[in-house]
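The values are calculated or read from the model by the stated rules, or taken from the named source; none is laboratory data. Since we're looking at a predicted model, the values are computed, not measured. Every residue, glycine as well, gets a Cβ built from its backbone with ideal geometry; the counts of neighbours run over all protein chains shown. Note: areas computed on protein heavy atoms with side chains; ligands, DNA, RNA excluded. Shrake-Rupley method; radii C 1.70, N 1.55, O 1.52, S 1.80 Å.
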Amino acid sequence: MSEKLKRALICVPVVANGDVDAIKQTEKIIEKSKNCKIDIAEFRADYYQDLKDYEKLKDLLGDIHNRFKDAGIKILFTIRSFKEGGEKLDFISPSVNEINLFVVENVLADMVDVEYFSDNASAEKVIKAAKKNKIDVVLSSHDFDKTPSVDEMLERYKGMYERKADIIKLAVMPHSEQDVNNLLEAVSTTYDKYSDVKVVGISMGELGRRTRIEGYKYGSYLTFAIIDKASAPGQVSVDEL
């Protein structure tokens with residue numbers, strides 16, 4: 001068995017509808033990072049009202065990216081789909097992966113989230129461009145209804161690994177303590193099996209709270225915490241972590 005991690009990286013979301021709020025949250029995270037360890041800020045772009053306006057998006061991301069960089073915090077760009085727990089977008093074009101590609105090609109983030117079950121061809125374009133521009137890819141899958149079996153989760157992690165992502169993330173909804181244990185087993189097994197990729201496993205809601213706090217003991221690379229606004233059920237505060 002591989003040696004597990006000493007701690008998980010801490011990721012805090014920026015959940016903002018507009019530029020002013022995004023800057024305020026950015027400044028608050030940076031200020032908080034002076035006395036709490038914060039490694040990554042996740043810009044949850046599905047909340048952002050001007051997401052399809054590339055110029056506005058570029059200006060905002062360029063600004064907050066520079067602010068976070070000066071504070072030693074990486075930025076993760078995420079458009080979470082409605083079916084996987086995100087906000088419902090009021091447009092169809094451009095597609096999520098077209099926006100992801102724009103962000104990656106313009107190096108507006110350090111990391112980009114690509115959903116495992118999104119369109120394969122467009123996702124591969126994002127992954128390829130990210131590799132070229134030295135941006136880490138988080139390949140993710142979220143199940144807000146249930147926790148699949150251990151074998152199913154292991155198979156999903158395997159599928160993500162084969163897509164050459166830098167980080168493979170699975171978040172599931174538990175209905176029992178056994179579900180939480182199963183998620184942690186899948187994380188631990190995947191961590192031991194694939195040494196050249198970083199694994200993230202989250203059991204959501206109050207029942208799965210300990211996976212956010214102790215997941216690193218099983219090999220989970222990062223955890224999501226909050227200062228004010230949560231972006232997923234069960235997130236804990238950075239102070240608690």
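Pairing each residue of the stretch 81-110 that is closer than 18 Å to Asp63 by Cβ with any residue that is assigned to a loop (DSSP other than H, G, I, E, B) and small (Gly, Ala, Ser), provided the two are 6+ apart or on different chains, yields C-beta distances under 8 Å for Val103/Ala109. Apart from one condition, Leu154 fits all of (1) in a helix (DSSP H, G or I); (2) under 24 Å from Asn17 (Cα atoms); (3) open to solvent by 40 Å² or more (accessible area, probe 1.4 Å); the exception is (2). In the stretch 197-219, of all residues being open to solvent by less than 20 Å² (accessible area, probe 1.4 Å) and touching a Lys or Arg at 6+ places or on another chain (Cβ under 6 Å), the one that is nearest to Arg163 (Cα to Cα) corresponds to Val200.
Of the residues examined, Asn66 is one that is assigned to a helix (DSSP H, G or I) and at negative phi. Just one of (1) surrounded by 15 or more Cβ atoms within 10 Å (Cβ to Cβ); (2) in a loop (DSSP other than H, G, I, E, B); (3) touching a helix residue (DSSP H, G or I) at 6+ places or on another chain (Cβ under 7 Å); (4) modelled with pLDDT of 95 or more fails for Ala22. It is (2).
Considering the stretch 109-134 alone, what residues qualify as being touching a strand residue (DSSP E or B) at 6+ places or on another chain (Cβ under 8 Å), part of a loop (DSSP other than H, G, I, E, B) and surrounded by fewer than 23 Cβ atoms within 10 Å (Cβ to Cβ)?
To start, the set of residues in the stretch 109-134 that are touching a strand residue (DSSP E or B) at 6+ places or on another chain (Cβ under 8 Å) comprises 109-117, 123, 126-127, 130-131.
Imposing the further condition that a residue be part of a loop (DSSP other than H, G, I, E, B) reduces the set to 109-110, 116-117.
Those that are touching a strand residue (DSSP E or B) at 6+ places or on another chain (Cβ under 8 Å), part of a loop (DSSP other than H, G, I, E, B) and surrounded by fewer than 23 Cβ atoms within 10 Å (Cβ to Cβ): Asp110, Tyr116, Phe117.
The residue list Glu42, Glu27, Glu55, Glu84 contains one member that is farther than 18 Å from Asp136 by Cβ, open to solvent by less than 40 Å² (accessible area, probe 1.4 Å) and not small (Gly, Ala, Ser), which is Glu84. Within the stretch 137-151, the set of residues being open to solvent by 50 Å² or more (accessible area, probe 1.4 Å) and either acidic (Asp, Glu) or within 17 Å of the chain's Cα centre (by Cα) (or both) comprises Phe144, Asp145, Asp151.
The set of residues from the stretch 131-168 being acidic (Asp, Glu) and free of Cβ contacts under 8 Å to residues at least 24 places away in the same chain comprises Asp151, Glu152, Glu155, Glu162. Looking across the stretch 166-196, the residues that are open to solvent by 10 Å² or more (accessible area, probe 1.4 Å) and closer than 25 Å to Asn120 by Cα come down to Asp166, Lys169, Met173, Tyr191, Lys193, Tyr194, Ser195, Asp196. Check whether at least one residue in the stretch 76-85 is part of a helix (DSSP H, G or I), of a type outside the set (Lys, Arg) and more than 12 Å from Ile99 (Cα to Cα), and report yes or no. Yes, the stretch 76-85 contains a residue that is part of a helix (DSSP H, G or I), of a type outside the set (Lys, Arg) and more than 12 Å from Ile99 (Cα to Cα).
Could you grab me the full set of residues in the stretch 139-181 that are β-branched (Val, Ile, Thr) and either touching a Ser or Thr at 6+ places or on another chain (Cβ under 6 Å) or farther than 20 Å from Ile213 by Cα (or both)? Give the derivation first.
As a first pass, look at the stretch 139-181 and keep what is β-branched (Val, Ile, Thr): 147, 150, 167-168, 172, 180.
Matches in the stretch 139-181: Val150, Val172, Val180.
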